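Reading through the structure tokens given below for one structure.
Computed from the coordinates by the stated procedures, all read-outs in this text should not be read as laboratory data. Bear in mind the structure is a predicted one, so any value in this text is a computation, not a measurement. Cβ placement follows ideal geometry from the backbone for every residue including glycine, while neighbour counts extend to all protein chains displayed.
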Amino acid sequence: MTEVHVLHQSDGSEDSASATSGSEQDSKAGLADAMAKILKKQIPAHQQIILAKGTTDKELAKKRQNIDEDSRETQKRLWEEMGRTKPNPLEKERERKLQRIAQRGVVQLFNAVRKQQKVLDEKIKEVGSSELKREKVEKSMTKDKFLDILKSADSKPEKIEIKKEEKWSALREDFMMGAKMKDWDKESDEDEAEDT
């Protein structure tokens, strides 16, 4: 700043003006001293000198929360992918066999459930309209009885009939070998012999 000289009176008014400017210089020196004290202070590494640059507790909590969410997501993804394997084209036939076995098992299970429901309905019809008797019948059908029905269905293997596909008659090996067609030329020869 520039010094302002006031020339109103010569009896020391200049001294008062210079005194005010001197106090400004002292305040500047005081500010510099305060700044020097702040900069000389030894502060731990995790703290900031300037508070505006420092992280607040909320920001630290957000960072922790984001890290926790990320780790949870990766753990969840790993858990979901734990039992998964990429299909191997060399094991395609094995997979088909396993699918057939699973399909037969599911069909067998649903058939057993249907049988149990039929048996239960028949028993309820035999009992009549009495609610007490119906409840007894329903309670009598336990898990063990259901498993017995399931096992009994297992002991009766179903016969799978393999039907031979009908081929075009011209493609059969015994085509034209029937009793009539086998000796077709002999009949015509006999007819000619009789005519002569």
Item to check | Label-point separation in nm, Gln65 to Lys37, each point 7 Å along Cα→Cβ | outcome: 3.9
Checklist entry - At what distance in nm do the modelled label points of Asp57 and Val119 sit from each other, each positioned 7 Å from its Cα along Cα→Cβ? => result 6.7
Next on the checklist: Net charge around Met35, counting only other residues with Cβ within less than 12 Å of its Cβ (Lys, Arg = +1; Asp, Glu = -1)?
Outcome noted: +3
Checklist outcome for this item: A correct fewest-to-most ranking of Leu171, Leu147 by other Cβ atoms within 10 Å would be Leu171, Leu147
Item to check | 19 Å Cα-Cα threshold exceeded, pairs from Lys40/Lys63; Lys37/Lys58; Lys118/Lys139; Lys41/Lys63 | outcome: Lys40/Lys63; Lys37/Lys58; Lys41/Lys63
Checklist entry - By the gyration tensor of its Cα atoms, with a ≥ b ≥ c the square roots of the eigenvalues, what is the shape of region 74-143: rounded for a/c under 1.5, prolate for a/b over b/c, or oblate? => result oblate
Checklist outcome for this item: Fewest to most Cβ atoms within 10 Å: Met141, Met35, Met82 sort as Met82, Met35, Met141
Next on the checklist: Can you compute the modelled spin-label distance between Glu81 and Asp148, with each label point 7 Å from Cα toward Cβ, in nm?
Outcome noted: 5.0
Checklist outcome for this item: Within the under-14-Å Cβ sphere about Gln99, not counting Gln99, Lys/Arg +1 and Asp/Glu -1 give a net charge of +3
